[in-house]
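Here the structure comes first, spelled out in structure tokens, and everything after it is commentary.
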Amino acid sequence: MTRNRESRILILDAAERLFAERGFDATPTGAIADLAGVPKGLLFYYFPSKTDLLRALMRERLDLDPIDTSGLIAEGDPAQSLLNVTGRIRELQGESAVRRVIVWREHRTHPEVRVRLRDYRSQLQAIVERVLGASILHPIAARRVRIAAEAWVAIITTPTLPAHSPSNELAPAAPGDELAGPADAADLPALADLISAGLREPAA
């Protein structure tokens, strides 16, 4: 790794940590440079503005393409397959504050984050469809699989509304809980069963 590339990664790492801890608006660029151990001028060399830093994090650290779905498929068990996908996404969230916290907190106020979140959900939709389709052993219309996948993605990516919230606006979930959706994580198996019930082979 070249020194220049290492400095850029250190800056991104510092921004990811501080944006997750403090929020984008409450994080000064000086704090990012200090945590990264680089001169502030070098930060601006790579990222002319703090928004450019946010864009880079969204572009480079919110990507599901590397997921290997072969180990997530439970043949003949769509519900377990849905849970397997969700478990893998949770593992990835645990490794990345971008996936776990930042995108869910900042998408309301930053258009570039909303765009990347839509892309992220589209990637997740494709993954769920692929795993579901491979888990179903009887012939089934692609439309039914697509609708089931859409429903599951909605369940696991809708931020929760805290019980103490005085408004009707959805508030971000607590860090680490963004994939709990509108139900507690303990309810996901029952929800997976409900979704998979619509994929069963019709009775003759």
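The values are calculated or read from the model by the stated rules, or taken from the named source; none is laboratory data. Fair warning: this is a prediction, and the values are worked out from it, not measured in the lab. In this analysis, Cβ positions are derived from the backbone assuming ideal geometry, glycine residues included, and neighbour counts consider all displayed protein chains. The protein model used for the area step is the full one, side chains on, heavy atoms only, and it has no ligands, DNA or RNA in it. Shrake-Rupley method; radii C 1.70, N 1.55, O 1.52, S 1.80 Å.
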Checklist outcome for this item: Hull surface over four for the Cα convex hull of segment 73-141, reported in nm², is 5.2 nm²
Checklist entry - To the nearest 0.05, how large is the calculated FRET efficiency for LEU35 and ASP193 if R₀ is 30 Å and r is the Cβ-Cβ distance? => result 0.10
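Any chance you could run the full-extension gain for HIS138 through GLU21? It's 0.36 nm times the residue separation minus the Cα-Cα distance, nm to one decimal.
Numbers: separation 117, 0.36 × 117 = 42.12 nm, distance 4.73 nm.
Gain in length upon complete extension: 37.4 nm.
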Next on the checklist: Restricting to Cα atoms and excluding each atom paired with itself, what does the Kirkwood estimate give for segment 1-91 in Å?
Outcome noted: 15.2 Å
Next on the checklist: Cut-off 12 Å, label point 7 angstrom out along Cα-to-Cβ of ASP13: give me the residues of segment 34-70 whose amide nitrogen falls inside.
Outcome noted: 35-38
Checklist entry - Considering only protein heavy atoms, what per residue accessible area in square angstrom results for segment 1-74 with a 1.4 angstrom probe? => result 54 Å²
Item to check | Distance histogram in 5 Å bins (all Cα pairs of segment 82-121, percent per bin) | outcome: 6, 24, 26, 24, 14, 6, 1
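What is the percent carbon and sulfur in the accessible area of segment 65-115, measuring with a 1.4 Å probe over the protein chains and ignoring ligands? Show your work: numbers first, answer last.
Values: 1040 of 2270 Å².
Here it works out to 46 percent.
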